[in-house]
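For reference, the structure discussed in these notes is given below.
Each reported figure results from applying straightforward, stated rules to the coordinates on display, with no laboratory input. Every value quoted in this text rests on a predicted model; they were computed, and no experiment measured them. Neighbour counts run over all protein chains shown; Cβ positions are idealised from the backbone, glycine included.
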Amino acid sequence: MKKQIKILSVAVLSAGLLLTACKKDDPEPTISVNDFIGSIAENPSNGQLIGNVGATVENGNYTRYGFTPEHIGIGGYVSISTSGDIIVTDPSFFDYEQNTSISGAAEVITFDDNDNETKASFNVTINITDVNEAPALNVQQRLDGGEAPSQIYNSDNTYLDSLYGKTYEGGLIAYLNTTTGNGFVVASTDQSTALIWDPNQPSGSGTAGTNDAIGNGPLNTNAIVNTIGAGSYAAQICNDLVLNTYSDWFLPSRDELTAIYNNLHVNGFGSFQNINYWSSSETTTATIVWYRKFDILAEGMGGSEQLFGVRAARTF
């Protein structure tokens with residue numbers, strides 16, 4: 001019995017010596033790493049990648065990176081992931097006007113099977129490049145630069161009200177159809193503050209085909225001028241107008257005049273008088289025409305022999 005125990009002990013001891021010999025024969029981890037030099041444009045986003053350290057680790061079970069000291073200096077503005085990616089953690093630091101570069105010491109650490117660590121040190125340098133930070137253009141500057149009202153609206157649909165009253169294609173923007181991108185402007189000043197709608201009184205000429213809706217001002221104006229003919233009256237003075245190189249002006253329809261009132265006059269744009277303004281829309285009675293009171297929120301119907309204000313419009 002004692003002989004068997006002795007043999008077993010020798011076997012266990014031999015196995016232990018063999019295991020120890022194997023562990024001693026395992027290769028130690030090695031690390032190869034160079035200094036990192038990278039660049040990033042100012043005003044980056046949080047978490048933006050700057051670059052990868054590119055270290056080579058062999059025979060290591062777990063690898064991590066860090067700055068020395070941690071969370072101080074460069075470590076307060078960037079971090080290094082376990083895969084060696086250097087990423088932004090504080091975007092506010094990367095302002096070229098304040099800082100053109102940042103550098104600091106770092107290390108890569110790996111562990112063997114017995115949790116013995118191997119380290120390698122390297123330096124990190126990050127250059128910050130300048131970006132042309134031109135101030136954001138306002139709506140008028142964007143229009144002057146060639147953008148259409150629809151482009152500005154589509155870039156940010158909160159800009160609709162900001163477009164009204166701005167100068168564009170010969171006048172002040174009074175309406176924009178956000179679906180089609182079409183709209184119209186009005187002249188910046190009155191063409192008259194007291195002009196007759198139809199000079200052929202007392203019976204009046206009457207005009208067929210006038211309409212109330214937005215978009216019908218040009219059709220209405222043409223119909224009126226073709227019926228009444230030459231003279232100094234509301235539709236004709238708009239039709240003959242040449243203003244800011246444009247010659248396609250018209251007398252606004254009833255709904256166009258309402259849009260002008262709501263989008264311009266109520267907001268203090270256009271230098272309108274507190275008077276009545278003619279539309280180009282007749283009622284079902286040919287000599288009775290819609291007009292709008294600009295002193296109060298109201299419409300009216302009046303005989304075409306009256307003298308009211310005139311403000312021309314044109315489409316874009």
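Dipole check for the chain: with +1 at the C-beta of Lys and Arg, -1 at the C-beta of Asp and Glu, and the Cα centre as origin, the magnitude is about 780 Debye. Note on Asn157 and Ile37: the extension gain reaches 38.9 nm, defined as 0.36 nm multiplied by sequence separation minus the Cα-Cα distance. Dipole check for region 26-129: with +1 at the C-beta of Lys and Arg, -1 at the C-beta of Asp and Glu, and the Cα centre as origin, the magnitude is about 300 Debye. Where both bridge residues fall in region 26-129, DSSP classifies roughly 80% of the beta bridges as antiparallel. What does a probe at Thr125 reach in region 31-58, counting residues whose amide N is under 19 Å from the point 7 Å along Cα→Cβ? Residues passing the 19 Å test: 33-42, 50-55. Let me know the shape class of region 26-129, please: from the alpha-carbon gyration tensor, a ≥ b ≥ c as square roots of the eigenvalues, rounded when a/c is under 1.5, otherwise prolate if a/b is greater than b/c, or oblate. It comes out prolate by the Cα gyration axes. The relative contact order of region 139-315 comes to 26 percent, based on Cα pairs under 8 Å that sit 6 or more residues apart. The protection proxy used here, the mean number of other Cβ atoms lying within 10 Å of each residue, ranks peptides 167-179, 239-251 as follows, highest first: 167-179, 239-251. For the pair Asn267 and Gln141, the difference between a 0.36 nm per residue extended length and the Cα-Cα distance amounts to 43.3 nm.
Computed over the chain, relative contact order equals 14 percent, with contacts defined as Cα pairs under 8 Å that lie 6+ residues apart. Gain on full extension, evaluated as 0.36 nm per residue between Asp26 and Lys293 minus their Cα-Cα distance, stands at 86.5 nm. In a GNM of the chain with a 10 Å cut-off on Cα contacts, which of Arg142, Arg254, Arg64 has the highest mean-square fluctuation? Of Arg142, Arg254, Arg64, the Gaussian network model singles out Arg64 as fluctuating most. Annotation: peptides 156-163, 182-189, 88-95, 105-112, ranked by per-residue average of other Cβ atoms within 10 Å with the highest first, follow the order 182-189, 105-112, 88-95, 156-163.
For the pair region 214-248 and region 40-59, the centres of their Cα atoms are 66 angstrom apart. At 30 Å minimum axial length over the Cα atoms and a Kyte-Doolittle cut of 0.0, report the qualifying DSSP H helices in the chain, or say none. Both cut-offs are met by 2-25. Taking the helices alone, the chain has a mean residue ellipticity at 222 nm of -6500 deg cm²/dmol, built from -39,500 (n - 2.57) per DSSP H run of at least 4 residues and averaged over all its residues.
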